[in-house]
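Before any comments, here is the structure.
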Amino acid sequence: MSYRTLGLFGVLAVVWGSAFMAIKAGLELGFPPVLFAAFRYDIAGVFMLGYAWYVLDDPIPRGRAQWGQIAIGSVFLIAIYHALLFIGEQDPAVTSATAAIVVSLNPVLTTGCARVLLPDERLSPIGWLGMLLGLIGVVVLTNPDPSNLLASDVIATGLIFVATLSFSLGSVLTQRSDTGLPIESMEAYSMVGGALLMHGLSFLLGESMRSIVHPGEALLALGYLSIFSSALGFLIYFELLERLGPIEINLVSYTAPPVAAISGFLVLGERITLQGVLGFTIVLIGFILLKRAALRNAISDVRSTSQPPADD
């Protein structure tokens, strides 16, 4: 792996991991959660549309199949995922790190959804153990009280789990309905469509900007999320996806929780708990068991490319 690739991976880990802190900061300033998410993708969608039109000869989706794929992305990858994530993070007991750890289940849940929806996907007993460990990690993280399963923090964490499941399901459905649409167009139009859906939901919920207590600071959080975590983050993601492939780039999901924990501690004063570390460790072990063969191949590829050529 070149220094440039490693540097880009590090930047992506920082901007995506710190996004959970920025969401939390904006919500604590009174930003209505669904409207906050909608504004984020209003701005990010415009950036990504401009990028798609710049790099692609034909960025416009064609035909019912491609627009159907956009609809799936708008609903599952953007609207449901972000609306529930932002609502879940609104709970004071849910820290930035907690949200990031639950979201790091995405590769595990995606494998489970693929097992159900894609007939070619199969799981070994060790793979099933990996999935089970991922779910156990979330239970350890939330530590629910059996006598009070409707506690606000349990419900909030559950909403973030459902949000992650929505993203995983959307990822598999878009793969299942592959139409040849470039990923740049897919992401850009899904962001715009998802933002419109969230604006509609925000209106139905009666959300209002009047709840914001410090508009200037709230706009800083929105700007960071839209420009750095979304627009810049996805530009880096596209380049790394081409360089590394989907397995290695998925590892960024497991750099997000430490970054979220550190940024949450530095900016918001959130505590880093042993329970959170333990939950994240169990989720990470589950991922390694699920993706052990792919990770082994990726490590082998990195080693082979880093070795100097033999002398003639």
If you take the residues of region 35-92 that are of a type in the set (F, W, Y) and under 18 Å from the mean Cα position of the chain (by Cα), which of them is nearest to Q175 (Cα to Cα)?
-> F76
For N297, are the conditions met, namely being assigned to a helix (DSSP H, G or I), touching a Lys or Arg at 6+ places or on another chain (Cβ under 8 Å) and either modelled with pLDDT under 90 or among the charged types (D, E, K, R) (or both)?
-> no
Only listed residue being touching a residue at least 60 places away in the same chain (Cβ under 8 Å), out of contact with any Phe, Trp or Tyr (no Cβ under 6 Å at 6 or more places or on another chain) and either within 27 Å of L204 (Cα to Cα) or surrounded by 24 or more Cβ atoms within 10 Å (Cβ to Cβ) (or both), chosen from A22, A99, A83, A13 | A83
Any residue in region 217-235 that is modelled with pLDDT under 90, more than 17 Å from F20 (Cβ to Cβ) and under 17 Å from the mean Cα position of the chain (by Cα)?
-> yes
Could you check, for region 119-131, whether at least one of its residues is within 24 Å of L84 (Cα to Cα), at pLDDT 70 or above and touching a helix residue (DSSP H, G or I) at 6+ places or on another chain (Cβ under 9 Å)?
-> no
Is it the case that some residue within region 186-208 is without any contact (Cβ under 8 Å) to a residue 24 or more places away in the chain, outside any helix (DSSP H, G or I), under 22 Å from P33 (Cα atoms) and not basic (K, R)?
-> yes
Has region 30-41 got at least one residue that is hydroxyl-bearing (S, T, Y), touching an Asp or Glu at 6+ places or on another chain (Cβ under 8 Å) and touching a residue at least 12 places away in the same chain (Cβ under 8 Å)?
-> no
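Quick check on A256: is it aliphatic (A, V, I, L, M), at pLDDT below 85 and in contact with a helix residue (DSSP H, G or I) (Cβ under 6 Å, 6 or more places away or on another chain)?
Considered against the rule, which asks whether it is aliphatic (A, V, I, L, M), at pLDDT below 85 and in contact with a helix residue (DSSP H, G or I) (Cβ under 6 Å, 6 or more places away or on another chain), A256 comes out as yes.
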Looking at T273, is it modelled with pLDDT under 90 and over 21 Å from H82 (Cα atoms)?
-> yes
Condition met for L29 (more than 18 Å from the chain's Cα centre (by Cα), surrounded by fewer than 18 Cβ atoms within 10 Å (Cβ to Cβ), of a type in the set (A, V, I, L, M) and within 27 Å of T255 (Cα to Cα)) | no
Which of (1) touching a Phe, Trp or Tyr at 6+ places or on another chain (Cβ under 7 Å); (2) not in a helix (DSSP H, G or I) does M48 not meet, given it meets every other one?
-> (2)
Please enumerate the residues belonging to region 265-276 that are crowded, with 16+ Cβ neighbours inside 10 Å and closer than 13 Å to I101 by Cα.
-> G276
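The values are calculated or read from the model by the stated rules, or taken from the named source; none is laboratory data. Here the structure is a predicted model, which means the values were calculated and not measured. In this analysis, Cβ positions are derived from the backbone assuming ideal geometry, glycine residues included, and neighbour counts consider all displayed protein chains.
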